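Colleague: Here it is: the structure, laid out below.
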Amino acid sequence: MSALCLAAGALAATLATDAFTLSWTHSVEKVEWQEDYRVVDDALLLEEARVKGSGAGMEPPDGAVLRDGWWTYRPTTDPIEVLRLTHSGFATNYRLCWDGACRSLGEILPGLADSAVIDVHPCTP
């Protein structure tokens, strides 16, 4: 199994997983968003995304399907080496879900400050 590393300044955590869901609430529209990632070699592949509604900057792309109240679609993006998130008073509620459990970034990285930048990437041996 792969491992996922999170780092924000001096804070760091390792999660024993090769797949996770990132979820958050849009800061303006107050609508939940979810993205499913999988570790592929030394990168993260975004496999599926869901948004529970639409609004400013959140229009579902062509081909999205409305399923159980969620616009669901498969992005066509290349794998990325690092997923960079900004933890702030405006973009809070980031949660990572893996192995059937979800935790906020503040729970995973205790002491996380507002305006912190969190790098999420596959751990390298």
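Here, each number is a calculation from the coordinates, and none is a lab measurement. Note that this is a predicted model, so its numbers are computed, not measured. When we count neighbours, we look across all protein chains shown, and the Cβ atoms used for this are built from the backbone with ideal geometry, even at glycine.
Colleague: List the residues whose amide H sits under 5 Å from the amide H of E47, counting only those 5 or more places along or on another chain, with H placed 1.01 Å from N in the peptide plane.
Modeller: The list, which skips near neighbours in sequence, is D36, Y37, R38.
Colleague: Calculate the dipole size of the range 4-122 relative to its Cα centre from +1 charges on Lys and Arg beta carbons and -1 charges on Asp and Glu beta carbons; express the result in debye to the nearest 20.
Modeller: 380 debye
Colleague: Candidates (i) 1.13; (ii) 0.96; (iii) 1.03; which is the computed Rg/Rh (Cα atoms, Kirkwood Rh)?
Modeller: Answer by label: (ii).
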